[in-house]
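Worksheet: the structure to be examined is printed underneath.
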Amino acid sequence: METILFLTHAEADGGLSKSGLEALGAAAELAKNVGGELVAGLYGAQIQPAADSIATCGARRFLAVAAEDFAAARYATDAAACEALIRGSAASLVVAAAGSRNARVIAGVAHRLGGCVDTHVTSIDAASGGPAISRWFYRQRIEGSLTRTQRPWFLLLDPGAHAPWTGEAGSITPEVLAVPVPDTCRRTIVQGFITPPADQQTIRPEAELLFVAGAGWTKKQKDGQPHVAEAEALIVDFLQKSRASLGSSKSLVDLTGENQAALRFMSHLNQVGQTGASPRHPKGLSTCCHGEEPHTVGWRFIAERRAINLDPNCGWARGKADVLYVADAFEVMARVNQLLGVKQ
Ligand SMILES: Cc1cc2nc3c(=O)[nH]c(=O)nc-3n(C[C@H](O)[C@H](O)[C@H](O)COP(=O)(O)OP(=O)(O)OC[C@H]3O[C@@H](n4cnc5c(N)ncnc54)[C@H](O)[C@@H]3O)c2cc1C
């Protein structure tokens with residue numbers, strides 16, 4: 001029988017993230033479907049609120065590593081906590097959310113335990129020969145289904161791929177495991193976080209809308225001049241008013257590296273496409289972007305797509321967008337911002 005460990009760290013407020021609850025949803029469903037045993041393993045400075053919030057998830061055991069040393073993301077302590085929880089649970093399958101903290105340690109932990117790991121998992125199903133997963137390869141261009149006999153098998157579930165676990169909170173007393181933290185583990189000291197203010201944080205995975213800016217924003221316009229400062233102002237104004245997430249074409253983010261006039265708040269992290277990200281949003285609006293295949297392949301999870309382009313023959317017109325506005329994006333976005341301002 002499989003022992004399925006739902007592995008998670010607690011967030012700073014002691015609770016669980018949405019992607020953590022999605023991983024729990026997948027782990028609980030898998031345990032039910034394969035007749036396995038579910039165990040919850042939590043680590044962090046303060047794990048009690050998280051444990052109580054999932055008290056009724058059906059886990060047979062709740063294991064925890066709880067101490068101030070495990071509060072912040074740090075490879076040495078995160079890996080030690082994960083290793084202790086997996087050994088303590090004797091898990092054959094480990095399901096965790098594919099957040100940056102888990103992604104950083106899980107391969108190393110799998111190696112310590114003689115296991116194997118799959119990342120970018122999008123579904124975990126019960127199959128006749130045991131659990132089977134679907135996962136992406138090659139930047140989400142190829143989807144594969146596979147089973148493995150090697151155990152423990154670590155599965156990092158991509159955010160948004162499973163419904164989050166929901167259920168009643170309760171009261172639970174986890175079995176607390178003692179994990180020694182030698183001084184060598186404390187060589188890296190997390191002193192704090194420096195993050196941009198919320199209105200400068202342009203990547204917002206939970207946003208209703210993905211707003212993509214393309215290189216056209218920096219090109220010469222009808223007066224024969226580029227208007228980069230105006231483009232910046234229009235885009236920032238729109239993002240602040242709409243709370244949309246900002247994506248980019250490759251051409252636009254590459255301009256920054258070539259010291260050309262570019263949008264200052266744009267980085268390669270914003271790039272959408274074959275060699276960029278494939279974000280998930282209900283709606284997308286592309287502006288000044290040609291809509292070539294290597295870019296639009298990153299839109300595969302955007303449900304409703306619209307684009308603004310001067311060129312009626314651009315890629316978006318060839319079945320890539322639901323609606324193409326053949327128009328000047330400078331004019332359209334100025335008007336949209338004006339309307340949003342009135343609404344607010
Ligand atoms: C192996 C490989 C991988 C790649 N991976 C990626 C990737 O991950 N992501 C990606 O984006 N690209 C990728 N590319 C590059 C891709 O093929 C395109 O070159 C790129 O997407 C073009 O960016 P763009 O549309 O912003 O720029 P352009 O092609 O320069 O298009 C600019 C557009 O702006 C429009 N425009 C100009 N002014 C206005 C205005 N005022 N109003 C409205 N429209 C206006 C123009 O009509 C034009 O269509 C890859 C290419 C290769 C070969």
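The values are calculated or read from the model by the stated rules, or taken from the named source; none is laboratory data. In this text, all values refer to a predicted model and were calculated from it rather than measured experimentally. Because the Cβ atoms are built from the backbone with ideal geometry, glycine has one as well, and the counts that use them run over all protein chains shown. Surface accessibility is based on the protein's heavy atoms, side chains included, excluding ligands, DNA and RNA. Shrake-Rupley method; radii C 1.70, N 1.55, O 1.52, S 1.80 Å.
Just one of G319, G284, G291, G341 is away from the ligand (no atom under 12 Å from the Cβ) and part of a loop (DSSP other than H, G, I, E, B); which is it? Talk me through it step by step, then tell me what you get.
Details: G284 fails: part of a loop (DSSP other than H, G, I, E, B); G291 fails: away from the ligand (no atom under 12 Å from the Cβ); G341 fails: part of a loop (DSSP other than H, G, I, E, B).
Of the residues listed, the single one that is away from the ligand (no atom under 12 Å from the Cβ) and part of a loop (DSSP other than H, G, I, E, B) is G319.
Could you check A161 against (1) assigned to a loop (DSSP other than H, G, I, E, B); (2) closer than 27 Å to T188 by Cα; (3) small (G, A, S) and say which number it fails?
Going through (1) assigned to a loop (DSSP other than H, G, I, E, B); (2) closer than 27 Å to T188 by Cα; (3) small (G, A, S) one by one, A161 breaks only (2).
Looking only at region 266-281, decide whether some residue is away from the ligand (no atom under 11 Å from the Cβ), open to solvent by 80 Å² or more (accessible area, probe 1.4 Å) and within 20 Å of P226 (Cβ to Cβ).
Checked against the condition, which is being away from the ligand (no atom under 11 Å from the Cβ), open to solvent by 80 Å² or more (accessible area, probe 1.4 Å) and within 20 Å of P226 (Cβ to Cβ), region 266-281 yields no hits at all.
Listed here are the residues, each with its yes/no results for (1) more than 16 Å from E168 (Cβ to Cβ); (2) touching a His at 6+ places or on another chain (Cβ under 6 Å).
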site: T3; (1), (2): yes, no
site: G20; (1), (2): yes, no
site: L30; (1), (2): yes, no
site: N33; (1), (2): yes, no
site: E37; (1), (2): yes, no
site: G44; (1), (2): yes, yes
site: F62; (1), (2): no, no
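So, in region 124-153, how many residues would count as being out of contact with any Cys (no Cβ under 9 Å at 6 or more places or on another chain), touching a residue at least 24 places away in the same chain (Cβ under 8 Å) and surrounded by fewer than 16 Cβ atoms within 10 Å (Cβ to Cβ)?
Looking only at region 124-153, we keep the residues that are out of contact with any Cys (no Cβ under 9 Å at 6 or more places or on another chain), and these are 124-147, 149.
Still in the running and touching a residue at least 24 places away in the same chain (Cβ under 8 Å): 124-126, 130-131, 139-141, 146.
After this cut, where a residue has to be surrounded by fewer than 16 Cβ atoms within 10 Å (Cβ to Cβ) as well, the list is 125, 139, 141, 146.
Looking only at that region, the number is 4.
Being in contact with a helix residue (DSSP H, G or I) (Cβ under 7 Å, 6 or more places away or on another chain), among the charged types (D, E, K, R) and within 25 Å of Q274 (Cβ to Cβ) is true for just one of R112, R104. Which residue is that?
The match here is R104.
Going through region 93-116 one residue at a time, which ones are crowded, with 20+ Cβ neighbours inside 10 Å and closer than 19 Å to T3 by Cα?
Within region 93-116, L93, V94, V95, A96, A97, I106, V109, A110, G115 qualify.
In region 39-80, what count of residues is obtained for those that are open to solvent by 10 Å² or more (accessible area, probe 1.4 Å), farther than 17 Å from N102 by Cα and part of a helix (DSSP H, G or I)?
5
Does region 302-337 hold any residues that are at negative phi and loosely packed, with under 12 Cβ neighbours inside 10 Å, and which are they? Lay out the reasoning, then the answer.
Restricting attention to region 302-337, the residues satisfying the condition of being at negative phi are 302-318, 320-337.
A303, P312, N313, V323, E331, R335, listed by residue number.
Being in a helix (DSSP H, G or I), in contact with a Pro (Cβ under 8 Å, 6 or more places away or on another chain) and modelled with pLDDT of 95 or more is true for just one of A103, A110. Which residue is that? Reasoning before the result, please.
Values: A103 fails: in contact with a Pro (Cβ under 8 Å, 6 or more places away or on another chain).
Among A103, A110, only A110 is in a helix (DSSP H, G or I), in contact with a Pro (Cβ under 8 Å, 6 or more places away or on another chain) and modelled with pLDDT of 95 or more.
Can you find even one residue in region 226-246 that is within 13 Å of the ligand (Cβ to nearest atom) and either of a type in the set (S, T, N, Q) or over 18 Å from V332 (Cα atoms) (or both)?
At the first step, the residues of region 226-246 found to be within 13 Å of the ligand (Cβ to nearest atom) are 226-228, 230-231, 234-235.
Next, from what is left, pick out any that are either of a type in the set (S, T, N, Q) or over 18 Å from V332 (Cα atoms) (or both): none.
No, region 226-246 has no match at all.
Which residues, taken from region 224-238, are within 15 Å of T202 (Cβ to Cβ) and either surrounded by 18 or more Cβ atoms within 10 Å (Cβ to Cβ) or not acidic (D, E) (or both)? Lay out the reasoning, then the answer.
Looking only at region 224-238, we keep the residues that are within 15 Å of T202 (Cβ to Cβ), and these are 231-238.
Result: A231, E232, A233, L234, I235, V236, F238.
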